[in-house]
Amino acid sequence: MLPAMDALTMIRLGLQEIGPITDEAWNAFEPFLQEKRLKKGTFFAMEGLPARDIAFVASGILRMYYVREDGREFNKSFVTAGDICGVLDALILNQPSRLYIDTLSPCHLFTLPWASLEALFDTYPCWSRIGRRFAYLLSVKKMRREASFLLDSAEERYRCFCNEYGGIAQLIPDYHIASYLGITPVALCRIKKRISRTASSQTL
């Protein structure tokens, strides 16, 4: 895991890809951050419990998912280094979470109380712009995922998953990937074999 100062630098650079941050605004933001190092299998959020914080991920992989009454799990997304993690609907509406978030690997996070972030939105225009821009990006991501489920084949969705998550895709168990794609693990196995055969034939 990165040292705390290096991780904070990475987080600032990542946020500045969304929008510029003045030194004054960053200095007001940084004291609210709390560093956390979580073991694999640790919950960051659980259904039915209040959601109070968001997290900036310095390293590791987290899984966001829903659980039905019959115990079946449905993966919503995966969160990796450089991402922002939280149950946004519960935070915004001040309601208990309907979502679970747990760690698939050891994770290095910096958490921030949602109330503190809202105060920064009200005080610093650059934080307000970043929050608004981040909301736009989330909306676009959600619309593209919905369109993919309606228009793309399972193989196309898997290829998009690999492009989006890159090398860490190999660190996520296949049954979690299958759930994220809306297919069975058996179907995912067939897709991977078909892609492998196609790649092998093209190299001959």
Filter the range 131-164 for residues that are outside any helix (DSSP H, G or I) and surrounded by 11 or more Cβ atoms within 10 Å (Cβ to Cβ) and give the result.
D152
If I21 satisfies every condition in (1) surrounded by fewer than 14 Cβ atoms within 10 Å (Cβ to Cβ); (2) not in a helix (DSSP H, G or I) but one, which is the exception?
(1)
Going through A119, A90, A51 one at a time, which residue ends up being more than 25 Å from H176 (Cβ to Cβ), outside the structural domain of E164 (by TED's automatic domain parsing) and of a type in the set (A, V, I, L, M, F, W, C)?
A119
Please go through (1) of a type in the set (S, T, N, Q); (2) in contact with a helix residue (DSSP H, G or I) (Cβ under 8 Å, 6 or more places away or on another chain); (3) surrounded by 13 or more Cβ atoms within 10 Å (Cβ to Cβ); (4) closer than 19 Å to R132 by Cβ for N75 and return the number of the only condition it doesn't satisfy.
(4)
I'd like to check something: does the range 94-101 contain any residue that is charged (D, E, K, R) and closer than 26 Å to G182 by Cβ?
yes
Where a residue in the range 130-157 is more than 21 Å from I191 (Cα to Cα) and its partner, wherever it lies, is in a helix (DSSP H, G or I), with Cβ under 6 Å and at least six apart:
G131/F121
Could you say which residue among S105, S116, S128 is assigned to a loop (DSSP other than H, G, I, E, B) and either among the hydroxyl-bearing types (S, T, Y) or under 19 Å from A25 (Cα atoms) (or both)?
S105
Considering each residue of the range 95-118, count those that are under 13 Å from S59 (Cα atoms) and either free of Cβ contacts under 8 Å to residues at least 60 places away in the same chain or surrounded by 19 or more Cβ atoms within 10 Å (Cβ to Cβ) (or both), and give that number.
6
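The values are calculated or read from the model by the stated rules, or taken from the named source; none is laboratory data. Since the structure is predicted, the reported quantities are computational estimates derived from the model, not experimental observations. Glycine gets a Cβ as well: all are built from the backbone with ideal geometry, and neighbour counts include every protein chain shown.
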